[in-house]
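The values are calculated or read from the model by the stated rules, or taken from the named source; none is laboratory data. From a predicted model like this one, the values you see are computed outputs, not experimental measurements. A quick note on method: Cβ atoms are made from the backbone with ideal geometry, for glycine too, and the neighbour counts reach across all protein chains shown.
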């Protein structure tokens, strides 16, 4: 029996110990703590992807790193290599990393509390909690430049304006729903109480909800009461996170390098490792924007770094219209995909270049899981078995489609549009 056939399962997240069979071979996903890697680790991963995979890698919307195209016969050697250097996840079914923070955590002068320290404290306590779903994760938002409110976490912890309190919220189709707040000194204890209570509800059979956002409202209220949350409070609204460019941080600059659809090749990763040592701190941070952040870059090195990055295929400008496109690897690279999502996304982009320049967002997903973009987009397209797409204007892949259209039919509707407001008229009639 091959490695592929032994590990092809549903309802779990792939890792190093348990890769996932996809259309281009095995997918091996690394879950580095806080999404951080040293330059030496990045070089090793890039070389491993070249030797044991097809040389292609993905940065995910949770700041993880995927090695693609791993062959059955080479997987054992890859597993041994990554385990030897401490890049394998803990034993068990997951979640392999419970928390997620901004890649700027620790150097963002706008942060109101130490998000990284809180994440580490929750990770340590959560290890003893059994029964959490494999895909469960918490977003810890210190209130800095890169908000985490659209990443679709089960539980969101966000700094309130004074920094002495933390708001707790759940993801929903209508944005974050705040369920309460607590003093920042109690944030770890409160989060662990909610996690333990949720796991107990699942273990006892009271709920089968695989995501905290799907828990019955009465049970959510029960968890909030158990955690002794105070009155709900929302953090002040912030601008959306920039996806590329130069960012101001403590003592220097940080450079956020974006990748089309979050995909790169081994040489690009090796170059990023070299730049981190030459211009930065020797550290690479994987971003939920599906890019790479290099902290600690001196201003005198910015021009040279950005020029080299652009020549290597990275996106360096925040207003690059390619950043308005989100697409998963699609068919044939992903076994779950029903359509060639990246190719279709690029074709559709030609029909709506004017809209993309205005900030219009297009998400093309090869299947209903919506891995590339968990939140809403101005236009979400979900691949169907017949090669067409379910059309969800201003929504997510989980919402009901208004139309079922081919790429050609979509282009016909998109070409005449001049503004994002025209979108509602283009897809006004009922499903057909």
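Things to note:
- Strands (runs of 3 or more DSSP E) (entirely within region 335-422) containing at least 2 residues that are in contact with a helix residue (DSSP H, G or I) (Cβ under 8 Å, 6 or more places away or on another chain): 362-365, 377-383, 389-395
- Taking region 157-166 as the range and being surrounded by fewer than 24 Cβ atoms within 10 Å (Cβ to Cβ) and in contact with a strand residue (DSSP E or B) (Cβ under 6 Å, 6 or more places away or on another chain) as the test, the residues that pass are 160, 165.
- Hits in region 376-392 (condition: surrounded by fewer than 19 Cβ atoms within 10 Å (Cβ to Cβ) and without any contact (Cβ under 8 Å) to a residue 40 or more places away in the chain): 386
For every residue, the table says whether it meets (1) modelled with pLDDT of 95 or more; (2) surrounded by 22 or more Cβ atoms within 10 Å (Cβ to Cβ); (3) farther than 30 Å from residue 210 by Cα.
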residue	(1), (2), (3)
9	no, no, no
12	no, no, no
53	yes, yes, yes
70	yes, yes, no
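- Residue, nearest to residue 165 (Cα to Cα), within region 221-240, restricted to residues that are out of contact with any strand residue (DSSP E or B) (no Cβ under 6 Å at 6 or more places or on another chain) and modelled with pLDDT of 90 or more: 231
- Failed condition for residue 326, given (1) at pLDDT below 95; (2) surrounded by fewer than 20 Cβ atoms within 10 Å (Cβ to Cβ); (3) part of a strand (DSSP E or B): (2)
- Set side by side, the residues 238, 186, 210 differ, and just one is surrounded by fewer than 19 Cβ atoms within 10 Å (Cβ to Cβ), under 26 Å from residue 133 (Cβ atoms) and either outside the structural domain of residue 122 (by TED's automatic domain parsing) or more than 26 Å from the chain's Cα centre (by Cα) (or both), which is 186.
- Among the residues making up region 303-321, those that are touching a helix residue (DSSP H, G or I) at 6+ places or on another chain (Cβ under 8 Å), over 20 Å from residue 66 (Cβ atoms) and buried (at least 16 other Cβ atoms within 10 Å of the Cβ) are 305, 308, 309, 316, 321.
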